[in-house]
Amino acid sequence: MSFPQIVSREEWKAARERLLEEEKALTRARDQLSAARRSMPVVPVEKRYVFDSPTGEVTLLDLFQGRRQLVVRHFMFDPQWEEGCAGCSMQADNVGHLSHMHARDTSFVMIARAPLEKIERFKARMGWTHIPWVSSYGSEFNYDFNVTMEKGELPAVSSFIRDGERIFHASSVFDRGGEVFINTYNYLDVTPLGRQEEGLSHPWDWWRHHDRYEADQGSGPGENWWTGMDKFEVRQVRHDGPTRRQPAEAEKQ
């Protein structure tokens, strides 16, 4: 990318005011989209999902921690892998202090299909002590929410709301919809050079685990094989690990 055009302060001010009108229009459009998302209907969660946590088995209801809403980061971490996805890791690095979400009656958790011992080891390496993380190994959870398919794992963010002990699935965000969760991008987007992804085979090819940018063995997320797939189609469940007993009736605890 070439160096930006150099102009007088008066010319810069005129250009900045023109851009400001576009920014305001985008902000209003995003407000409208957020309102439309909030007005979406919700679907009852009929299964009793059980996860492994550092304190023992927990249910989806437990993950709310008594709050009204729950945000789930579906983290790509296959049971056979020794570390989590570099792209999901970049998004985890952008998770701020959870007290701000808690103040809005909302809990946050990361869920991956890798066994808990692998999750705990990787979490310690990455320094994410402030982020709750549980394992869905042996559960139907990943399959039911289309974040594990025949070809493997894929990333997403889902939101849930509860009415008493009844849980409802409100939304799931896939693909470029997840860019909103990468605050690194938001900061880069206000700089003259921006994301500097021109010429890359994939925009995310430069991403690395935060402790691997200087390492020769560092690698990016790889291919997004799931691009263009229907993420909301009901698929047949399969398992790679010990299957838990998860009754089909609505969760009542």
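The values are calculated or read from the model by the stated rules, or taken from the named source; none is laboratory data. On a predicted model such as this, the values are computed, not experimentally measured, just so you know. Here Cβ is always computed from backbone atoms with ideal geometry, including for glycine, and neighbour counts include all displayed protein chains.
What to note about this one:
- Spans of helices (runs of 4 or more DSSP H) in region 1-114 with at least 3 residues closer than 25 Å to residue 188 by Cβ: 9-38, 86-93
- The criterion of being part of a loop (DSSP other than H, G, I, E, B) and at pLDDT 95 or above does not hold for residue 121.
- All of 141, 122, 108 fail the test of being within 22 Å of residue 54 (Cα to Cα), crowded, with 19+ Cβ neighbours inside 10 Å, among the hydrophobic types (A, V, I, L, M, F, W, C) and touching an Asp or Glu at 6+ places or on another chain (Cβ under 8 Å), apart from 122.
- Of all residues making up region 154-181, the number that are surrounded by 18 or more Cβ atoms within 10 Å (Cβ to Cβ) and in a loop (DSSP other than H, G, I, E, B): 3
- Qualifying residues in region 1-56 (those that are among the hydrophobic types (A, V, I, L, M, F, W, C) and touching a strand residue (DSSP E or B) at 6+ places or on another chain (Cβ under 6 Å)) - the one surrounded by the fewest Cβ atoms within 10 Å (Cβ to Cβ): 43
- Cross-chain or 6+ apart pairs with Cβ under 8 Å, region 38-54 first and within 13 Å of residue 113 (Cα to Cα), then part of a strand (DSSP E or B) and among the charged types (D, E, K, R): 50/57; 51/57
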